[in-house]
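No value in this document is a laboratory result; all are computed from the given coordinates. Here the structure is a predicted model, which means the values were calculated and not measured. Cβ placement follows ideal geometry from the backbone for every residue including glycine, while neighbour counts extend to all protein chains displayed.
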Amino acid sequence: MKRHSSCLVLNAGSSSLKFSVLRQVAGNELQAVLGGQISGIGTLASFEAKDARRRVLAEHRWDAEQSQQRELLLAFVLDWLGTALPDDRIVAAGHRVVHGGRRFSRPERITPELLTELQALVPLAPLHQPHNLAPMRILAASHPELPQVACFDTAFHAHQPWYARSYALPRELSDEGVCSYGFHGLSYEYVSQQLAAQHPELANARVVICHLGNGSSITAVHAGRSVDTSMGFTALDGVPMGTRCGSVDPGVLLYLMNEKGMGAAEIEDLLYRRSGLLGVSGLSNDMKVLQESDSPDARRAVELFCFRCAKEVAALAGSMGGLDALVFTAGIGENSPAIRAEICERLAWLGVAVDPEANQSRAHDISAAQARVSVFVLPTNEEMMIATHTLALLAEGEDEAELVRREEYTPCWTAPIPATC
Ligand code: AMP
């Protein structure tokens, strides 16, 4: 007899499959039970699962031939979950999907028709979208009775004003979908909800959230809604990242093509995999490694990262006409007091100041006593957001709040304003 209803969350990348199980507990709360990942898919795959206290529960390895077979690897995860959680009934699977395009601004139940529409968005995110879709198809074939839900990283940004979403390109390109979508939306949504729950006084505040991890972006959130963000058409734009360049003058790409004879694949590799912290430092894409290094180039990479983050925060504050609170989240944002301090120091003119002791001691509120802008550290939890959306969508019809949320929302491209995107 299965005593718990649980949600499986899947986040599939090119060579990895992250999974977590969140259990419904009293009062419709969700509790993370375990999580893990298969890494090295396509080369030499290995599996590791950890419990909620990050203790290793199981490990497994596959040979090169088996490592190519995504069906086999996903079946292993499902079989293992059945044994590891004998009291849990998986009632749904929620998937992280990088791109919802212009059409999808809320989570969607996965059907053959939806899969076709999501497949059509592959050109917008060729490095991520196909991998996000693969486990949906496998599960639909192996467990057709299991409800599946797609949760989009772009959705939280979908109601930005048209001018925040548009590039100054000819109208036909905007109409075709060449516009700024923004990413990390599930993280921003979770952090915004947590902020609202913990600080009701900030309900109408102008907040900038810095999601700083291996992939980094920064978003302006006004009264709980995304109004502008640093990433754009792809997850390359904005601040420098582990291996991604962030914003560069598009003229650089013309130079690389015309003067250096570089082709699309080579440029893609340069911008996505050889730039960012790795490219500048020549050492590592890992912020912790750079901060512990004596190398002057490592220091330059850190300094450039902080400079660009502060510049982006200032620009996003400008998008909202001011700044009431600044929030740090994700691997670097949550764990590096030095990076937070360096970014905040550059924003002193905006009224940002941190309390050095609170900043070092992993406090939630790290603002200095006299500071005009509140500064918080808030751990993100994208898996929780996906599970929440997945179960809410299944319960929809009974869930009035969800309906209200949908009716309130008007995607920007339905508004009768020219050049919307
Ligand atoms: P994420 O992609 O959110 O998992 O974040 C990964 C990034 O967070 C990597 O660059 C890590 O080096 C960085 N990170 C994690 N812990 C720390 C830490 N204690 N100090 C500095 N950076 C850290």
ask   = Most fluctuating residue of Y255, Y272, Y163 in a GNM of the chain with Cα springs under 10 Å: which is it?
value = Y255
message = Please compute the Kirkwood hydrodynamic radius of the range 147-260 from all pairs of different C-alpha atoms, in Å with one decimal.
response = 15.5 Å
query = Looking only at GluC sites (Glu not before Pro) in DSSP loops with at most 16 other Cβ atoms within 10 Å, what is the longest site-free stretch of the chain?
reply = 260-395
message = Can you classify the range 224-289 as rounded, prolate or oblate using the Cα gyration tensor, where a ≥ b ≥ c are the square roots of its eigenvalues, rounded means a/c under 1.5, and otherwise it's prolate if a/b beats b/c and oblate if not?
response = oblate
ask   = Ignoring the sites themselves, what is the longest stretch of the chain with no trypsin sites (Lys or Arg not before Pro) in a DSSP loop and at most 16 other beta-carbon atoms within 10 Å?
value = 104-259
key: Estimated FRET transfer efficiency when R0 is 30 angstrom, pair E334-R109 (beta carbons, to 0.05)   = 0.40
request  = Under 13 Å from the Cβ of V221, count the other residues' Cβ atoms, weight Lys and Arg +1, Asp and Glu -1, and hand me the total.
outcome  = -1
inquiry  = Mean-square fluctuation check for the chain, GNM, Cα pairs under 10 Å: which of L17, L186, L270 is largest?
reply    = L270
key: Anisotropy class of the range 249-326 from Cα gyration tensor, a/c 1.5 cut   = oblate
task = Identify all lysines with a Cα-Cα distance to K2 below 25 Å; exclude those on the same chain that are fewer than 8 residues away in sequence.
result = K18, K50
message = Output wanted: per-residue J couplings in Hz (rounded whole) for the range 312-319, from phi through Karplus 6.51 cos²θ - 1.76 cosθ + 1.60, θ = phi - 60°, x for Gly and Pro.
response = 5, 4, 4, 5, 6, 4, x, 4
message = List the residues, sorted by chain then number, that are 5 or more residues from V354 or on another chain and whose placed amide H is less than 5 Å from its amide H.
response = A368
query = Between the range 323-378 and the range 204-233, what's the alpha-carbon centroid distance in Å?
reply = 16 Å
key: Gained length - Q68 relative to A32, 0.36 nm times residue gap less alpha-carbon distance   = 10.0 nm
key: Kirkwood estimate for the chain, i.e. one over the average of 1/r between Cα atoms, Å   = 22.6 Å
ask   = Around R362, with a cut-off of 14 angstrom between Cβ atoms, what is the net charge of the other residues, counting Lys and Arg +1 and Asp and Glu -1?
value = -3
note = Which of H222, H199, H389 fluctuates most in a GNM of the chain (C-alpha springs under 10 Å)? That residue is H199
Charge context of G182, other residues only, Cβ under 14 angstrom, K/R +1, D/E -1 = -2
